[in-house]
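Asks: Quick one: the structure is below, questions incoming.
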Amino acid sequence: MDLLVTGVIRSAHGLGGFVKVESSSGEVEHFATLSDVILRAGRQASSGDPGKRYEIETVEGTAHCLLVKFRGVDTPEKAKDLAGMEILVPRDKACPVHAGEYYVNDLCQCVLVYKGTPMGTITDVMEGGAGDLLEVTLTEGLSLELSKRSCLVPFRKEFVGKVDIKAKTVELMHRWILE
């Protein structure tokens, strides 16, 4: 099943087992349609941990303070144990993306290309002060000063051109940003 991270549990809230949730997209309307989710510790899915299914009892609040109550989590202590967990949902239950928006899951493992030459592989997308940053592991054999290292590329139209999710490629507009 194709699961996407739709949020992260930040902390316990109140005495009834509610948790504060930070939406990955900043939008929260889709949470109201969820009946159950998968919770998984940490950002590293590579550990093979599939996570654990939790049924949602209640969703309240707004993007600034989204509160979720899971069945069986009835105390602040149990809610606190969930802090830091990722909330995963099937792709069709995630917040819809609009033109020019992409799921992080889809960008990861895309090849960054400059004038048709592969420069590296996108391994992560991070939030930066002025926008998202693509973490790129550079391709060996470029040049000694560039190979075997990672760099960050601002995910902005000045630096990134065509994104082709089907072909798994992202166009780099300026090679100098890798130096």
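Each reported figure results from applying straightforward, stated rules to the coordinates on display, with no laboratory input. Every value quoted in this text rests on a predicted model; they were computed, and no experiment measured them. All Cβ positions, even for glycine, are placed from backbone atoms using ideal geometry, and neighbour counts span all protein chains on display.
Asks: Please report the net charge: other residues with Cβ closer than 13 Å to the Cβ of Thr169, K and R +1, D and E -1. Walk me through the intermediate numbers first.
Replies: Working: positive: Lys115, Lys162, Lys166, Lys168; negative: Asp106, Asp164, Glu171.
Overall, the nearby charge balance is +1.
Asks: Between [x] 57, 31, 31; [y] 57, 39, 27; [z] 93, 37, 23, which matches Cα extents along the principal axes in Å calculated for the structure shown?
Replies: [x]
Asks: Only loop residues by DSSP count here, and only those with at most 10 other Cβ atoms within 10 Å; note down the trypsin sites (Lys or Arg not before Pro) in segment 71-179 that meet that.
Replies: Hits after loop and neighbour filter: Lys115, Lys157, Lys166.
Asks: Tell me what the chain gives for mean residue ellipticity at 222 nm when only DSSP H runs of n ≥ 4 count, each as -39,500 (n - 2.57), the sum divided by the residue total, rounded to 500 deg cm²/dmol.
Replies: Values: 2 runs with 9 residues, N = 179.
Value at 222 nm, helices only, nearest 500: -1000 deg cm²/dmol.
Asks: Step through the table entries Lys69/Lys93; Lys52/Lys162; Lys52/Lys78; Lys93/Lys166; Lys52/Lys80; Lys20/Lys166, compare each Cα-Cα distance with 25 Å, and write down the pairs that go over it.
Replies: Among Lys69/Lys93; Lys52/Lys162; Lys52/Lys78; Lys93/Lys166; Lys52/Lys80; Lys20/Lys166, the Cα-Cα distance tops 25 Å for Lys52/Lys162; Lys20/Lys166.
Asks: On to the next question. Mind listing the long-range amide H neighbours of Thr6? Cut-off is under 5 Å, sequence gap 5 or more, other chains count too, H placed in the peptide plane at 1.01 Å from N.
Replies: The answer is Ile87, Leu88, Val89.
Asks: Using Cα springs under 10 Å in a Gaussian network model of the chain, which residue among Thr58, Thr117, Thr137 shows the largest mean-square fluctuation?
Replies: Thr117
Asks: Net charge near Pro154, counting Lys/Arg +1 and Asp/Glu -1 over other residues with Cβ under 13 Å of its Cβ?
Replies: Working: positive: Arg156, Lys157; negative: Glu127, Asp132, Glu135, Glu158.
Charge balance in the 13 Å sphere: -2.
Asks: Once phi is turned into ³J(HN,Hα) by the Karplus curve 6.51 cos²θ - 1.76 cosθ + 1.60 with θ = phi - 60°, what whole-Hz value does each residue of segment 83-90 show in order, with x for glycine and proline?
Replies: 4, x, 6, 7, 9, 10, 9, x
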